[in-house]
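J.: So that we are looking at the same thing, I have put the structure below in structure tokens.
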Amino acid sequence: MDIFGKDKRSDIMRLVRSSGNKSTEIVLIKIFRESGKEFANIKIPYWHEDKISKIQAQTILPDGTVIKLNKKDIFTEGNPKRFMYKVFAIPGVTDNCVIEYKYSLTSEYITYLDSWYFQHEIPTLKSSITVDIPLGLVYNCYLSNSPQEDYKPATEEKINPNGRNSVEYTWEYENLPPIKDEPYMSTPSDYMCKLNFQLIEYRNSYVWQKFVKTWDDIHDKIMITYKPFLKKGSRYVSNSVDDILDGVYTKNDKINRLYTFVRDSIETTENKGLFGGRIRSPKEILKSGSGSRVEKNLLLVNLLNTARIKSYPCLISTRQNGIPDLKNPSLDVFNHVLAYIPLNSRNMALDTKSPYYPADMLP
């Protein structure tokens with residue numbers, strides 16, 4: 001059974017259907033030789049509050065024999081408070097076989113859906129995603145690195161008996177080349193064709209709720225978390241700053257002392273995101289003696305402002321996260337925050353997450 005033809009390369013076909021907060025992904029890969037067998041080792045990531053279900057996988061041998069995955073061979077790994085993984089190895093893989101797996105993902109988070117990558121490290125024969133969006137929800141759906149200019153998805157209006165009418169959108173590409181890591185490449189995902197989603201608003205006859213449409217909207221949402229760090233700290237924080245800076249008088253020495261204190265005295269814990277209810281107050285971070293890499297840098301911002309050294313949070317995208325698309329405002333284009341100090345001689349950006357770097361050098 002050769003559904004991919006005679007082309008001697010590893011091909012991949014990816015299909016997904018998404019409706020509201022539930023999606024089903026189907027993946028087919030043809031294995032031509034020994035080096036391709038690694039793609040039978042599957043690791044499906046998901047947020048710990050989401051649910052992965054209905055996992056099925058099988059190998060179709062060249063003679064048509066089907067070898068199915070046993071459910072007892074599916075394992076769960078990861079951090080129960082953050083990202084989890086469903087891990088399994090598709091059995092019976094040989095040369096010129098086809099492996100197939102599918103699963104369903106249910107999530108309560110619809111503000112921004114995961115990006116869909118049409119390209120991968122192996123050639124893609126066909127990649128298709130269908131999204132069923134209920135009427136009232138408005139998303140900014142934009143493509144990056146599309147091989148076709150002004151590509152428009154196929155649309156179909158759906159009328160449901162329960163009154164939840166929707167519009168179904170389908171994006172599809174065929175015969176896309178692989179994107180592999182190469183010297184001097186920032187990250188392969190910067191060059192892959194992908195589809196991004198950002199919820200803009202929800203509107204019906206009775207409700208209009210705006211989420212993010214401009215960078216100013218994102219700024220306003222983030223500042224709910226960051227504003228307490230931009231002013232002088234509480235009495236507890238002020239007393240701590242006085243103790244840390246005892247005997248230190250110049251601005252540069254104060255910056256170095258506060259940076260070193262946060263870097264070395266506050267234990268780095270797991271990441272909690274860039275903003276929102278998981279970010280604790282400066283006092284809580286100081287009292288606990290620990291914080292995520294974002295919390296530590298925000299604490300440094302607050303300590304500097306308490307010491308009358310004007311400092312701001314500076315959002316960045318690391319190399320692993322890729323180049324941010326500034327044309328399309330989105331909550332997830334940045335993945336880290338630095339402490340930024342505007343100075344007369346030169347501006348400084350500080351990052352306390354690594355113990356091996358001084359204040360004037362970023363990791």
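The values are calculated or read from the model by the stated rules, or taken from the named source; none is laboratory data. Note that this is a predicted model, so its numbers are computed, not measured. Counting neighbours? That spans all protein chains shown, and the Cβs are built from the backbone with ideal geometry, glycine included. For accessibility, only protein heavy atoms count, side chains too; no ligands or nucleic acids. Shrake-Rupley method; radii C 1.70, N 1.55, O 1.52, S 1.80 Å.
J.: State to the nearest 20 debye the size of the charge dipole of the chain about its Cα centre, where the only charges are +1 on K and R beta carbons and -1 on D and E beta carbons.
T.: Roughly 1160 debye for the chain.
J.: Identify, among 165, 192, 175, the residue whose Cα sits farthest towards the positive end of the charge dipole of region 129-208, taking +1 on the Cβ of Lys and Arg and -1 on the Cβ of Asp and Glu, with the dipole about the Cα centre.
T.: Towards the positive end, the residue furthest out is 165.
J.: From the residues 42, 236, 204, which one has its Cα farthest along the dipole of the chain in the positive direction, the dipole being from +1 and -1 charges on Cβ of Lys/Arg and Asp/Glu about the Cα centre?
T.: Positive-end residue among those listed: 236.
J.: May I pose another question? How many percent of the accessible area of the chain is carbon or sulfur, using a 1.4 Å probe? Mind dumping the intermediate values first?
T.: Working: 10070 of 20320 Å².
Reported share for carbon and sulfur atoms: 50 percent.
J.: Run the dipole for region 27-145 about the Cα centre, Lys and Arg Cβ at +1, Asp and Glu Cβ at -1, nothing else charged, and hand back the magnitude in debye, nearest 20. Don't skip to the end; give the middle numbers.
T.: Values: 14 positive and 13 negative charges, 50 e Å.
About 240 debye.
J.: Let me ask something additional. Determine how large the accessible area of residue 24 is when every protein chain is in place; take a 1.4 Å probe and give Å² rounded to the nearest 10.
T.: 50
J.: Which loop-located chymotrypsin sites (Phe, Trp or Tyr not before Pro) does region 70-137 contain, where loop means any DSSP state but H, G, I, E or B and the Cβ has at most 12 other Cβ atoms within 10 Å?
T.: 109
J.: Sequence gap at least 6, Cα distance under 8 Å: using those rules, report the relative contact order of region 258-363 to the nearest whole percent.
T.: Relative contact order for region 258-363 comes out at 27 percent.
J.: From the backbone phi of region 118-126, what are the Karplus-calculated ³J(HN,Hα) couplings (6.51 cos²θ - 1.76 cosθ + 1.60, θ = phi - 60°) in whole Hz, Gly and Pro given as x?
T.: Karplus values, whole Hz, x for Gly and Pro: 7, 10, 8, 6, 10, x, 10, 6, 7.
J.: Over the chain, what is the relative contact order in percent, taking alpha-carbon pairs closer than 8 angstrom and at least six residues apart? Walk me through the numbers on the way to the answer.
T.: Working: 725 pairs, mean separation 47.8, N = 363.
Once normalised by length, the contact order is 13 percent.
J.: Positive end of the dipole of the chain, charges at C-beta (+1 Lys, Arg; -1 Asp, Glu), about the Cα centre: which of 330, 119, 255 has its Cα farthest in that direction?
T.: 255
J.: Express in Å², to the nearest 10, the accessible area of residue 260 obtained by rolling a 1.4 Å probe over the protein heavy atoms while all chains stay in place.
T.: Residue 260 has an accessible surface of roughly 50 Å² with all protein chains in place.
J.: About the Cα centre, and with charges only on the beta carbon of Lys, Arg (+1) and Asp, Glu (-1), how big is the dipole of region 234-274? Nearest 20 debye, please.
T.: In debye, rounded to 20, region 234-274 gives about 200.
J.: Calculate for the chain the 222 nm mean residue ellipticity that helices alone would give, adding -39,500 (n - 2.57) per DSSP H run of length 4 or more and normalising by residue count, nearest 500 deg cm²/dmol.
T.: -5000 deg cm²/dmol
J.: Under a Cβ-Cβ cut-off of 14 Å, what is the net charge of the residues other than residue 239 that fall near it, where Lys and Arg count +1 and Asp and Glu count -1?
T.: +1
J.: Sticking with the crude label model, points 7 Å out along Cα→Cβ, report the distance from residue 24 to residue 253 in nm, one decimal please.
T.: So the label points at residue 24 and residue 253 sit 6.9 nm apart.
J.: With every protein chain left in place, what is the accessible area per residue of the chain in square angstrom, probe 1.4 Å?
T.: It amounts to 56 Å² per residue over the chain.
J.: Ok, one more. Whole angstrom only: what separates the Cα centroid of region 247-286 from the Cα centroid of region 57-123?
T.: Their Cα centres are 40 Å away from one another.
J.: Working with all protein chains in place, sort 219, 120 by solvent-accessible area computed with a 1.4 Å probe, largest first.
T.: 219, 120
J.: Using a 1.4 angstrom probe on the protein heavy atoms only, could you order 280, 257 from most to least accessible area?
T.: Solvent-accessible surface, decreasing: 257, 280.
J.: Under 20 Å from the 7 Å Cα→Cβ point of residue 354, by amide nitrogen: which residues of region 180-224?
T.: Taking a point 7 Å out along Cα→Cβ of residue 354, the residues of region 180-224 whose backbone N falls under 20 Å are 183-188.
J.: Suppose accessible area is computed on protein heavy atoms with a 1.4 Å probe; arrange 259, 202 from highest to lowest. Write out the running numbers ahead of the final one.
T.: Numbers: 259 5, 202 75 Å².
Result of the area sort, largest leading: 202, 259.
J.: Still on this structure, please answer the following. Could you tell me which GluC sites (Glu not before Pro) in region 114-223 are loop residues by DSSP with no more than 10 other beta carbons within 10 angstrom of their beta carbon?
T.: Filter output for region 114-223: 149.
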